[in-house]
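Quick notes on the structure that follows.
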Amino acid sequence: MKQDLIVILDLGSTQNTVLARKIRELGVYSEIHPHDITAEELKALPNVKGIILNGGENRVVDDKGIEIRQELYGLDWPMISVDYPQSQCQEKWNELPDCDALKKFLFEECGAKSNWNMKNFIEDQMEIIRKQVGDKKVLLALSGGVDSSVVAAMLIKAIGQQLVCVHVNHGLMRKNESESVVKVFKDELHANLVYVDASERFLGKLAGISDPEQKRKIIGGEFIRVFEEEARKLEGIDFLGQGTIYPDIIESGTKTAKMVKSHHNVGGLPEDLKFELVEPLKQLFKDEVRACGVELGLPHDMVYRQPFPGPGLGVRCLGAITRDRLEAVRESDAILREEFARAGLDKKVWQYFTVVPDFKSVGMKNNARVFEYMVIIRAINTVDAMTASIEKVDWEVLEKITNRILAEVENVNRVCYDMSPKPPATIEFE
Ligand code: XMP
(Lines give C-alpha, C1' and ligand atoms only; values in the text may rest on other atoms or scores of the structure.)
Protein backbone atom coordinates (compact mmCIF):
# COMPACT_ATOMS: atom_id res chain seq x y z
CA MET A 1 0.00 0.00 0.00
CA LYS A 2 1.26 3.43 -0.97
CA GLN A 3 -0.69 5.74 1.30
CA ASP A 4 -0.71 6.44 5.01
CA LEU A 5 -4.15 6.71 6.58
CA ILE A 6 -5.62 8.90 9.30
CA VAL A 7 -8.94 7.57 10.60
CA ILE A 8 -11.60 10.04 11.70
CA LEU A 9 -14.17 8.46 13.99
CA ASP A 10 -17.58 10.12 13.69
CA LEU A 11 -18.79 10.95 17.18
CA GLY A 12 -21.67 13.06 15.95
CA SER A 13 -19.93 15.92 14.17
CA THR A 14 -21.78 17.38 11.21
CA GLN A 15 -18.42 18.55 9.93
CA ASN A 16 -16.49 15.32 9.48
CA THR A 17 -16.01 16.08 5.82
CA VAL A 18 -14.47 19.49 6.53
CA LEU A 19 -11.84 17.79 8.67
CA ALA A 20 -11.32 14.92 6.22
CA ARG A 21 -10.83 17.35 3.36
CA LYS A 22 -8.42 19.47 5.42
CA ILE A 23 -6.26 16.43 6.16
CA ARG A 24 -6.28 15.41 2.48
CA GLU A 25 -5.38 19.01 1.59
CA LEU A 26 -2.32 18.58 3.82
CA GLY A 27 -1.42 15.56 1.68
CA VAL A 28 -2.49 12.75 4.00
CA TYR A 29 -5.27 10.31 3.08
CA SER A 30 -8.10 10.30 5.60
CA GLU A 31 -11.25 8.23 5.95
CA ILE A 32 -14.31 8.72 8.13
CA HIS A 33 -15.60 5.67 10.01
CA PRO A 34 -18.47 5.12 12.46
CA HIS A 35 -17.79 5.60 16.16
CA ASP A 36 -18.58 1.96 17.00
CA ILE A 37 -15.85 0.47 14.80
CA THR A 38 -14.12 -2.46 16.54
CA ALA A 39 -10.38 -2.73 17.21
CA GLU A 40 -10.38 -5.70 14.82
CA GLU A 41 -11.92 -3.63 12.02
CA LEU A 42 -9.48 -0.79 12.63
CA LYS A 43 -6.53 -3.17 12.48
CA ALA A 44 -7.79 -4.45 9.14
CA LEU A 45 -7.51 -0.97 7.58
CA PRO A 46 -4.26 -0.50 5.66
CA ASN A 47 -1.49 1.79 6.93
CA VAL A 48 -3.35 3.52 9.77
CA LYS A 49 -1.10 6.14 11.38
CA GLY A 50 -3.47 7.85 13.82
CA ILE A 51 -7.03 8.35 14.99
CA ILE A 52 -9.08 11.51 15.47
CA LEU A 53 -12.27 11.39 17.52
CA ASN A 54 -14.51 14.02 15.98
CA GLY A 55 -17.29 15.12 18.33
CA GLY A 56 -19.93 17.76 17.76
CA GLU A 57 -23.58 18.73 17.83
CA ASN A 58 -24.93 15.20 17.75
CA ARG A 59 -22.57 13.83 20.36
CA VAL A 60 -25.55 13.29 22.59
CA VAL A 61 -28.42 11.53 20.83
CA ASP A 62 -31.63 10.62 22.72
CA ASP A 63 -29.88 11.53 26.01
CA LYS A 64 -27.16 9.01 25.32
CA GLY A 65 -23.61 10.12 24.80
CA ILE A 66 -21.78 8.70 21.79
CA GLU A 67 -18.62 6.90 22.81
CA ILE A 68 -16.05 4.73 21.12
CA ARG A 69 -15.44 1.16 22.30
CA GLN A 70 -13.19 0.97 25.36
CA GLU A 71 -10.88 -1.47 23.56
CA LEU A 72 -9.84 1.33 21.18
CA TYR A 73 -8.15 3.23 24.01
CA GLY A 74 -5.70 0.39 24.42
CA LEU A 75 -4.40 0.56 20.84
CA ASP A 76 -0.95 1.83 19.95
CA TRP A 77 -1.94 4.58 17.52
CA PRO A 78 -1.78 8.25 18.53
CA MET A 79 -5.28 9.56 19.20
CA ILE A 80 -6.75 13.05 19.64
CA SER A 81 -10.24 14.24 20.32
CA VAL A 82 -11.73 17.42 18.82
CA ASP A 83 -15.07 18.98 19.54
CA TYR A 84 -15.70 22.16 17.55
CA PRO A 85 -19.13 23.69 17.08
CA GLN A 86 -20.30 23.49 13.46
CA SER A 87 -20.01 27.23 12.83
CA GLN A 88 -16.31 27.27 13.72
CA CYS A 89 -15.05 24.14 11.96
CA GLN A 90 -14.06 25.59 8.62
CA GLU A 91 -12.19 28.59 10.03
CA LYS A 92 -10.61 26.63 12.91
CA TRP A 93 -8.92 24.17 10.58
CA ASN A 94 -7.70 26.92 8.29
CA GLU A 95 -6.41 29.36 11.00
CA LEU A 96 -3.04 29.04 12.45
CA PRO A 97 -2.85 27.60 15.97
CA ASP A 98 -5.40 24.88 15.10
CA CYS A 99 -4.01 24.11 11.68
CA ASP A 100 -0.52 23.94 13.20
CA ALA A 101 -1.75 21.59 15.90
CA LEU A 102 -3.30 19.37 13.24
CA LYS A 103 -0.05 19.33 11.24
CA LYS A 104 1.92 18.54 14.37
CA PHE A 105 -0.41 15.64 15.12
CA LEU A 106 -0.27 14.27 11.56
CA PHE A 107 3.39 14.64 10.77
CA GLU A 108 5.12 14.54 14.18
CA GLU A 109 2.97 12.45 16.49
CA CYS A 110 1.61 10.03 13.88
CA GLY A 111 4.63 10.20 11.59
CA ALA A 112 2.31 10.27 8.57
CA LYS A 113 3.80 11.08 5.19
CA SER A 114 2.33 13.48 2.70
CA ASN A 115 1.71 10.74 0.14
CA TRP A 116 -1.97 11.17 -0.79
CA ASN A 117 -2.33 11.73 -4.51
CA MET A 118 -4.52 10.21 -7.23
CA LYS A 119 -1.77 8.01 -8.62
CA ASN A 120 -1.20 6.37 -5.23
CA PHE A 121 -4.94 6.23 -4.53
CA ILE A 122 -5.56 4.35 -7.79
CA GLU A 123 -2.69 1.94 -7.16
CA ASP A 124 -3.96 1.20 -3.65
CA GLN A 125 -7.54 0.71 -4.86
CA MET A 126 -6.39 -1.66 -7.60
CA GLU A 127 -4.66 -3.78 -5.01
CA ILE A 128 -7.80 -3.78 -2.82
CA ILE A 129 -10.10 -4.60 -5.77
CA ARG A 130 -7.90 -7.50 -6.97
CA LYS A 131 -7.76 -8.91 -3.46
CA GLN A 132 -11.54 -8.62 -3.02
CA VAL A 133 -12.55 -9.98 -6.42
CA GLY A 134 -9.90 -12.66 -7.05
CA ASP A 135 -10.71 -14.38 -10.33
CA LYS A 136 -14.46 -13.75 -10.08
CA LYS A 137 -16.57 -11.42 -12.25
CA VAL A 138 -18.01 -7.97 -11.49
CA LEU A 139 -21.15 -6.52 -13.05
CA LEU A 140 -21.50 -2.77 -13.50
CA ALA A 141 -24.39 -0.61 -14.72
CA LEU A 142 -22.56 1.93 -16.85
CA SER A 143 -24.79 4.95 -17.43
CA GLY A 144 -22.04 7.16 -18.80
CA GLY A 145 -22.34 9.55 -15.83
CA VAL A 146 -19.15 10.69 -14.12
CA ASP A 147 -19.25 8.24 -11.20
CA SER A 148 -20.10 5.06 -13.11
CA SER A 149 -17.58 5.96 -15.85
CA VAL A 150 -14.77 6.46 -13.35
CA VAL A 151 -15.58 3.20 -11.54
CA ALA A 152 -15.65 1.40 -14.89
CA ALA A 153 -12.25 2.82 -15.89
CA MET A 154 -10.79 1.85 -12.50
CA LEU A 155 -12.19 -1.69 -12.66
CA ILE A 156 -11.04 -2.20 -16.26
CA LYS A 157 -7.54 -1.24 -15.17
CA ALA A 158 -7.70 -3.53 -12.14
CA ILE A 159 -9.43 -6.64 -13.50
CA GLY A 160 -9.86 -6.14 -17.27
CA GLN A 161 -12.25 -8.67 -18.82
CA GLN A 162 -13.51 -9.84 -15.42
CA LEU A 163 -15.63 -6.69 -15.46
CA VAL A 164 -18.90 -6.88 -17.39
CA CYS A 165 -20.43 -3.46 -18.08
CA VAL A 166 -24.08 -3.15 -19.03
CA HIS A 167 -25.16 0.08 -20.71
CA VAL A 168 -28.94 0.45 -20.91
CA ASN A 169 -30.05 3.02 -23.46
CA HIS A 170 -33.50 4.01 -22.23
CA GLY A 171 -34.09 6.22 -25.24
CA LEU A 172 -33.94 9.32 -23.02
CA MET A 173 -30.22 9.96 -23.41
CA ARG A 174 -28.80 13.15 -24.85
CA LYS A 175 -27.67 13.29 -28.48
CA ASN A 176 -24.78 10.87 -29.15
CA GLU A 177 -24.46 10.00 -25.46
CA SER A 178 -24.86 6.22 -25.76
CA GLU A 179 -22.65 6.20 -28.85
CA SER A 180 -19.93 7.96 -26.87
CA VAL A 181 -20.16 5.42 -24.00
CA VAL A 182 -19.71 2.59 -26.52
CA LYS A 183 -16.88 4.40 -28.32
CA VAL A 184 -14.89 5.17 -25.17
CA PHE A 185 -15.43 1.94 -23.26
CA LYS A 186 -15.78 -0.70 -25.95
CA ASP A 187 -13.62 0.67 -28.76
CA GLU A 188 -10.94 2.52 -26.80
CA LEU A 189 -10.75 0.82 -23.40
CA HIS A 190 -11.77 -2.61 -24.80
CA ALA A 191 -14.28 -3.18 -22.01
CA ASN A 192 -16.47 -6.26 -21.88
CA LEU A 193 -19.58 -4.14 -22.62
CA VAL A 194 -23.16 -5.29 -23.15
CA TYR A 195 -25.13 -2.57 -24.93
CA VAL A 196 -28.90 -2.82 -24.51
CA ASP A 197 -31.08 -0.65 -26.70
CA ALA A 198 -34.29 -0.57 -24.67
CA SER A 199 -35.61 2.70 -26.17
CA GLU A 200 -38.76 1.21 -27.65
CA ARG A 201 -39.56 -0.63 -24.44
CA PHE A 202 -39.24 2.51 -22.30
CA LEU A 203 -41.16 4.74 -24.73
CA GLY A 204 -43.88 2.12 -24.90
CA LYS A 205 -44.26 2.02 -21.10
CA LEU A 206 -44.28 5.81 -20.93
CA ALA A 207 -46.84 6.37 -23.66
CA GLY A 208 -49.71 8.54 -22.42
CA ILE A 209 -48.27 8.94 -18.90
CA SER A 210 -48.22 12.62 -17.95
CA ASP A 211 -47.77 12.61 -14.16
CA PRO A 212 -44.10 13.49 -13.37
CA GLU A 213 -43.79 11.13 -10.40
CA GLN A 214 -45.35 8.26 -12.31
CA LYS A 215 -42.97 8.91 -15.22
CA ARG A 216 -39.98 8.81 -12.86
CA LYS A 217 -41.22 5.60 -11.22
CA ILE A 218 -41.73 3.89 -14.59
CA ILE A 219 -38.25 4.88 -15.81
CA GLY A 220 -36.54 3.80 -12.54
CA GLY A 221 -38.52 0.54 -12.28
CA GLU A 222 -38.04 -0.41 -15.92
CA PHE A 223 -34.32 0.31 -15.65
CA ILE A 224 -33.99 -2.18 -12.82
CA ARG A 225 -36.00 -4.79 -14.75
CA VAL A 226 -33.83 -4.46 -17.87
CA PHE A 227 -30.64 -4.56 -15.83
CA GLU A 228 -31.90 -7.57 -13.88
CA GLU A 229 -32.76 -9.43 -17.09
CA GLU A 230 -29.25 -8.84 -18.40
CA ALA A 231 -27.72 -9.90 -15.06
CA ARG A 232 -29.65 -13.18 -15.15
CA LYS A 233 -28.34 -13.93 -18.65
CA LEU A 234 -24.75 -13.69 -17.44
CA GLU A 235 -23.16 -16.58 -15.61
CA GLY A 236 -20.87 -16.64 -12.63
CA ILE A 237 -21.14 -13.05 -11.44
CA ASP A 238 -20.46 -12.58 -7.74
CA PHE A 239 -19.89 -8.85 -7.46
CA LEU A 240 -21.72 -5.66 -8.33
CA GLY A 241 -19.65 -2.54 -9.02
CA GLN A 242 -21.18 0.73 -7.88
CA GLY A 243 -20.29 4.37 -8.36
CA THR A 244 -21.15 5.26 -4.78
CA ILE A 245 -19.28 8.37 -3.70
CA TYR A 246 -18.86 9.86 -0.25
CA PRO A 247 -21.70 12.43 -0.42
CA ASP A 248 -24.12 9.56 -1.27
CA ILE A 249 -23.19 7.89 2.00
CA ILE A 250 -23.51 11.09 4.02
CA GLU A 251 -26.87 12.01 2.45
CA SER A 252 -28.23 8.55 3.18
CA GLY A 253 -27.42 9.12 6.84
CA THR A 254 -24.54 7.91 8.96
CA LYS A 255 -25.07 6.42 12.41
CA THR A 256 -24.98 9.83 14.05
CA ALA A 257 -26.29 12.11 11.30
CA LYS A 258 -29.86 12.57 10.23
CA MET A 259 -30.84 11.29 6.81
CA VAL A 260 -31.16 13.87 4.02
CA LYS A 261 -32.49 11.53 1.33
CA SER A 262 -31.99 7.90 0.61
CA HIS A 263 -29.62 7.20 -2.23
CA HIS A 264 -29.74 4.21 -4.46
CA ASN A 265 -27.14 3.84 -7.12
CA VAL A 266 -28.54 0.78 -8.70
CA GLY A 267 -30.86 0.21 -5.79
CA GLY A 268 -33.85 -2.04 -5.55
CA LEU A 269 -32.35 -5.11 -7.23
CA PRO A 270 -34.33 -8.24 -6.30
CA GLU A 271 -33.24 -10.06 -3.16
CA ASP A 272 -32.42 -13.29 -4.97
CA LEU A 273 -29.76 -11.52 -7.03
CA LYS A 274 -27.14 -11.59 -4.33
CA PHE A 275 -24.02 -9.63 -5.07
CA GLU A 276 -21.20 -8.39 -2.92
CA LEU A 277 -20.55 -4.71 -3.62
CA VAL A 278 -17.34 -3.24 -5.06
CA GLU A 279 -17.31 0.49 -4.39
CA PRO A 280 -13.82 1.91 -4.94
CA LEU A 281 -14.93 5.58 -4.95
CA LYS A 282 -16.94 5.51 -1.76
CA GLN A 283 -14.45 7.62 0.16
CA LEU A 284 -14.05 10.30 -2.52
CA PHE A 285 -15.63 13.70 -2.95
CA LYS A 286 -16.90 14.73 -6.39
CA ASP A 287 -13.87 16.80 -7.36
CA GLU A 288 -11.61 13.92 -6.31
CA VAL A 289 -13.68 11.49 -8.44
CA ARG A 290 -13.09 13.79 -11.42
CA ALA A 291 -9.35 13.98 -10.71
CA CYS A 292 -9.35 10.18 -10.50
CA GLY A 293 -11.08 9.95 -13.90
CA VAL A 294 -8.52 12.26 -15.48
CA GLU A 295 -5.67 10.20 -14.00
CA LEU A 296 -7.29 7.06 -15.43
CA GLY A 297 -7.26 8.67 -18.89
CA LEU A 298 -10.99 9.29 -19.42
CA PRO A 299 -11.92 12.07 -21.87
CA HIS A 300 -12.33 15.54 -20.36
CA ASP A 301 -15.96 15.82 -21.56
CA MET A 302 -16.93 12.66 -19.74
CA VAL A 303 -15.23 13.60 -16.49
CA TYR A 304 -16.40 17.23 -16.39
CA ARG A 305 -19.89 16.72 -17.74
CA GLN A 306 -22.69 18.57 -15.99
CA PRO A 307 -25.15 16.67 -13.80
CA PHE A 308 -27.79 14.76 -15.76
CA PRO A 309 -30.84 13.29 -14.00
CA GLY A 310 -31.30 9.51 -14.00
CA PRO A 311 -34.65 9.77 -15.86
CA GLY A 312 -32.76 11.74 -18.53
CA LEU A 313 -34.62 13.79 -21.11
CA GLY A 314 -37.81 12.14 -19.84
CA VAL A 315 -38.18 14.90 -17.23
CA ARG A 316 -37.46 17.61 -19.83
CA CYS A 317 -40.04 16.43 -22.34
CA LEU A 318 -42.89 17.64 -20.16
CA GLY A 319 -46.13 15.76 -19.67
CA ALA A 320 -46.78 12.61 -21.72
CA ILE A 321 -43.65 11.94 -23.79
CA THR A 322 -44.07 12.00 -27.55
CA ARG A 323 -41.39 11.18 -30.10
CA ASP A 324 -41.57 14.55 -31.88
CA ARG A 325 -41.12 16.52 -28.66
CA LEU A 326 -38.43 14.18 -27.37
CA GLU A 327 -36.52 14.78 -30.58
CA ALA A 328 -37.03 18.56 -30.16
CA VAL A 329 -35.57 18.39 -26.62
CA ARG A 330 -32.61 16.30 -27.80
CA GLU A 331 -31.78 18.50 -30.80
CA SER A 332 -32.23 21.82 -28.97
CA ASP A 333 -30.12 20.53 -26.04
CA ALA A 334 -27.33 19.63 -28.49
CA ILE A 335 -27.44 23.13 -30.02
CA LEU A 336 -27.42 24.76 -26.57
CA ARG A 337 -24.39 22.70 -25.52
CA GLU A 338 -22.55 23.47 -28.73
CA GLU A 339 -23.13 27.22 -28.44
CA PHE A 340 -22.34 27.32 -24.71
CA ALA A 341 -19.03 25.60 -25.43
CA ARG A 342 -18.32 28.03 -28.26
CA ALA A 343 -18.96 30.99 -25.91
CA GLY A 344 -16.88 29.44 -23.09
CA LEU A 345 -19.98 29.15 -20.92
CA ASP A 346 -19.63 25.39 -20.54
CA LYS A 347 -16.83 25.96 -18.03
CA LYS A 348 -18.67 28.72 -16.19
CA VAL A 349 -22.29 27.61 -15.88
CA TRP A 350 -23.15 24.77 -13.48
CA GLN A 351 -26.08 23.28 -15.39
CA TYR A 352 -27.88 24.19 -18.62
CA PHE A 353 -30.48 22.40 -20.68
CA THR A 354 -33.63 22.80 -22.72
CA VAL A 355 -37.19 21.79 -21.96
CA VAL A 356 -40.18 21.29 -24.26
CA PRO A 357 -43.66 21.74 -22.73
CA ASP A 358 -46.64 19.78 -24.00
CA PHE A 359 -48.59 22.63 -25.55
CA LYS A 360 -48.36 24.52 -28.83
CA SER A 361 -48.52 28.17 -29.77
CA VAL A 362 -49.36 29.96 -33.00
CA GLY A 363 -46.61 31.20 -35.29
CA MET A 364 -45.73 31.96 -38.92
CA LYS A 365 -43.36 30.09 -41.20
CA ASN A 366 -43.01 30.71 -44.95
CA ASN A 367 -45.97 33.08 -44.83
CA ALA A 368 -48.26 30.43 -43.43
CA ARG A 369 -49.77 29.93 -39.99
CA VAL A 370 -48.13 27.21 -37.92
CA PHE A 371 -49.13 25.71 -34.57
CA GLU A 372 -45.96 24.34 -32.95
CA TYR A 373 -44.03 23.68 -29.72
CA MET A 374 -41.76 25.98 -27.75
CA VAL A 375 -38.29 25.37 -26.34
CA ILE A 376 -37.40 26.78 -22.92
CA ILE A 377 -33.73 27.38 -22.13
CA ARG A 378 -32.59 26.99 -18.50
CA ALA A 379 -29.09 27.89 -17.28
CA ILE A 380 -28.34 27.99 -13.57
CA ASN A 381 -25.51 28.26 -11.08
CA THR A 382 -25.44 26.60 -7.68
CA VAL A 383 -23.05 25.17 -5.13
CA ASP A 384 -25.04 22.21 -3.88
CA ALA A 385 -28.19 22.15 -6.07
CA MET A 386 -30.30 23.00 -3.00
CA THR A 387 -30.69 26.62 -4.17
CA ALA A 388 -29.83 28.06 -7.55
CA SER A 389 -29.64 31.37 -9.37
CA ILE A 390 -29.99 31.93 -13.10
CA GLU A 391 -27.02 32.67 -15.35
CA LYS A 392 -27.36 36.09 -16.99
CA VAL A 393 -26.46 34.83 -20.43
CA ASP A 394 -25.19 37.39 -22.90
CA TRP A 395 -28.03 38.60 -25.18
CA GLU A 396 -26.13 37.86 -28.38
CA VAL A 397 -25.39 34.29 -27.32
CA LEU A 398 -29.09 33.80 -26.53
CA GLU A 399 -30.09 35.25 -29.90
CA LYS A 400 -27.71 32.94 -31.72
CA ILE A 401 -29.01 29.87 -29.87
CA THR A 402 -32.60 30.96 -30.51
CA ASN A 403 -32.00 31.45 -34.22
CA ARG A 404 -30.32 28.08 -34.55
CA ILE A 405 -33.11 26.28 -32.67
CA LEU A 406 -35.78 27.96 -34.79
CA ALA A 407 -33.94 27.11 -38.00
CA GLU A 408 -32.76 23.59 -37.17
CA VAL A 409 -35.25 21.96 -34.81
CA GLU A 410 -38.45 20.62 -36.32
CA ASN A 411 -41.88 21.42 -34.87
CA VAL A 412 -40.62 24.45 -32.88
CA ASN A 413 -41.62 28.08 -33.50
CA ARG A 414 -40.77 29.80 -30.19
CA VAL A 415 -37.85 29.95 -27.69
CA CYS A 416 -38.11 31.29 -24.12
CA TYR A 417 -35.54 31.83 -21.35
CA ASP A 418 -36.39 30.68 -17.83
CA MET A 419 -35.66 33.49 -15.35
CA SER A 420 -36.69 31.62 -12.18
CA PRO A 421 -34.33 30.97 -9.27
CA LYS A 422 -34.60 27.93 -6.98
CA PRO A 423 -36.66 28.34 -4.83
CA PRO A 424 -39.45 28.70 -5.70
CA ALA A 425 -38.71 26.83 -8.96
CA THR A 426 -36.70 23.61 -8.90
CA ILE A 427 -33.83 23.19 -11.34
CA GLU A 428 -35.64 20.57 -13.39
CA PHE A 429 -39.27 21.08 -14.42
CA GLU A 430 -40.53 17.67 -13.33
P1 XMP B 1 -34.08 19.83 -8.70
O2 XMP B 1 -34.94 19.74 -9.93
O3 XMP B 1 -34.60 19.00 -7.57
O4 XMP B 1 -32.68 19.19 -9.11
O5 XMP B 1 -33.83 21.25 -8.29
C6 XMP B 1 -31.52 19.25 -8.34
C7 XMP B 1 -30.40 18.57 -9.10
O8 XMP B 1 -30.62 17.15 -9.15
C9 XMP B 1 -30.68 16.71 -10.50
N10 XMP B 1 -31.71 15.66 -10.55
C11 XMP B 1 -31.46 14.34 -10.53
N12 XMP B 1 -30.30 13.66 -10.47
N13 XMP B 1 -31.50 11.62 -10.53
C14 XMP B 1 -30.33 12.29 -10.49
O15 XMP B 1 -29.27 11.65 -10.47
C16 XMP B 1 -32.71 12.24 -10.57
O17 XMP B 1 -33.74 11.60 -10.62
C18 XMP B 1 -32.67 13.67 -10.57
N19 XMP B 1 -33.66 14.61 -10.61
C20 XMP B 1 -33.03 15.84 -10.57
C21 XMP B 1 -31.02 17.93 -11.32
O22 XMP B 1 -30.58 17.79 -12.66
C23 XMP B 1 -30.28 19.00 -10.56
O24 XMP B 1 -28.91 19.03 -10.89
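The values are calculated or read from the model by the stated rules, or taken from the named source; none is laboratory data. Treat the numbers as computed from the prediction; the structure is a model and nothing was measured. Note that we place each Cβ from the backbone using ideal geometry, even for glycine, and neighbour counts take in every protein chain shown. Ligands, DNA and RNA are excluded from the accessible area calculation, which covers all protein heavy atoms including side chains. Shrake-Rupley method; radii C 1.70, N 1.55, O 1.52, S 1.80 Å.
Please determine, in degrees from 0 to 90 and to the nearest 10, the orientation of helix 118-133 with respect to the longest principal axis defined by the Cα atoms of the chain, where the helix direction is its Cα long axis.
Helix 118-133 sits roughly 90 degrees off the main axis of the chain.
For the chain, taking Cα atoms only, what is the radius of gyration to one decimal and the Dmax to the nearest whole Å?
24.4, 87
Name the residue, out of Phe359, Phe308, Phe227, whose mean-square fluctuation peaks in a Gaussian network model built on the chain with Cα pairs under 10 Å.
Phe359
In the neighborhood of Phe371, defined by Cβ-to-Cβ distances under 15 Å, what is the net charge if each Lys or Arg adds +1 and each Asp or Glu adds -1?
With Lys, Arg at +1 and Asp, Glu at -1, the net is +1.
What net charge do the residues around Phe239 carry, taking every other residue with its C-beta under 11 Å from that of Phe239, with Lys and Arg at +1 and Asp and Glu at -1?
Taking every Cβ under 11 Å from that of Phe239, the sum is 0.
Please identify the trypsin sites (Lys or Arg not before Pro) of the stretch 306-405 that satisfy two criteria: DSSP loop assignment and at most 14 other Cβ atoms within 10 Å. Which are they?
Sites meeting the loop and neighbour criteria: Lys348, Lys392.
By how many degrees, between 0 and 90 and to the nearest 10, does the Cα long axis of helix 146-159 differ from the longest principal axis of the chain?
That works out to roughly 60 degrees.
So how do Thr426, Thr38 rank on accessible area, 1.4 Å probe, biggest first, that is with the largest at the start?
The ordering from most to least exposed comes out as Thr426, Thr38.
For the chain, set up a GNM with springs between Cα atoms under 10 Å and report which of Thr14, Thr382, Thr354 has the largest fluctuation.
Thr382
Sort 151-158, 210-217 by packing, meaning the average of other beta carbons within 10 Å per residue, with the highest value first.
151-158, 210-217
Taking θ = phi - 60°, what integer Hz values does the Karplus form 6.51 cos²θ - 1.76 cosθ + 1.60 yield along the stretch 76-82, in sequence order, with x for Gly and Pro?
Coupling constants for the stretch 76-82: 7, 6, x, 9, 10, 10, 10 Hz.
Which far-off residues, 5 or more places away or on another chain, put their amide H under 5 Å from the one on Leu53, with H placed in the peptide plane?
When sequence neighbours closer than 5 places are left aside, the close amide H contacts are Leu9, Ile80, Ser81, Val82.
Net charge around Cys165, counting only other residues with Cβ within less than 11 Å of its Cβ (Lys, Arg = +1; Asp, Glu = -1)?
For residues surrounding Cys165, the net value is 0.
Compute the helix-to-body angle for 395-408: its Cα long axis versus the longest principal axis of the chain, expressed 0 to 90° and rounded to tens.
That helix lies at roughly 60 degrees to the long axis.
Have a look at Ile80, Ile51, Ile249 and tell me which one the Gaussian network model of the chain (Cα, springs below 10 Å) gives the largest fluctuation.
Its mean-square fluctuation being the largest, the pick is Ile80.
Hey, can you grab everything whose amide H is under 5 Å from the amide H of Val164? Only 5+ residues off in sequence or another chain; H modelled, so Pro and N-termini drop out.
Val138, Leu139, Leu140
What pairs from Lys22/Lys422; Lys360/Lys400; Lys233/Lys286; Lys2/Lys347; Lys183/Lys217 go past 27 Å between their alpha carbons?
Lys22/Lys422; Lys233/Lys286; Lys2/Lys347; Lys183/Lys217
If I take all pairs of Cα atoms in the stretch 321-427, what percentage of them are more than 25 Å from each other?
Counting pairs separated by more than 25 Å, the tail of P(r) holds 22 percent.
Apply the Karplus curve 6.51 cos²θ - 1.76 cosθ + 1.60, θ = phi - 60°, to the phi angles in the stretch 328-344 and return the couplings in whole Hz, x for Gly and Pro.
Each residue of the stretch 328-344 in turn: 5, 5, 5, 6, 5, 5, 5, 5, 4, 5, 4, 6, 5, 5, 4, 8, x Hz.
Just to check I understand the Karplus step: with θ = phi - 60° and J = 6.51 cos²θ - 1.76 cosθ + 1.60, what whole-Hz values come out for the stretch 189-202, glycine and proline as x?
Once rounded to whole Hz, the list reads 9, 6, 6, 7, 10, 9, 9, 10, 8, 10, 3, 4, 4, 5.
For Ala385, enumerate residues with amide H under 5 Å from its amide H, sequence gap 5+ or separate chain, H modeled in the peptide plane.
Amide H neighbours of Ala385, under 5 Å, 5+ apart: none.
Among His167, His35, His300, what's the order by accessible area (1.4 angstrom probe), most exposed first?
The most accessible residue leads, giving His300, His35, His167.
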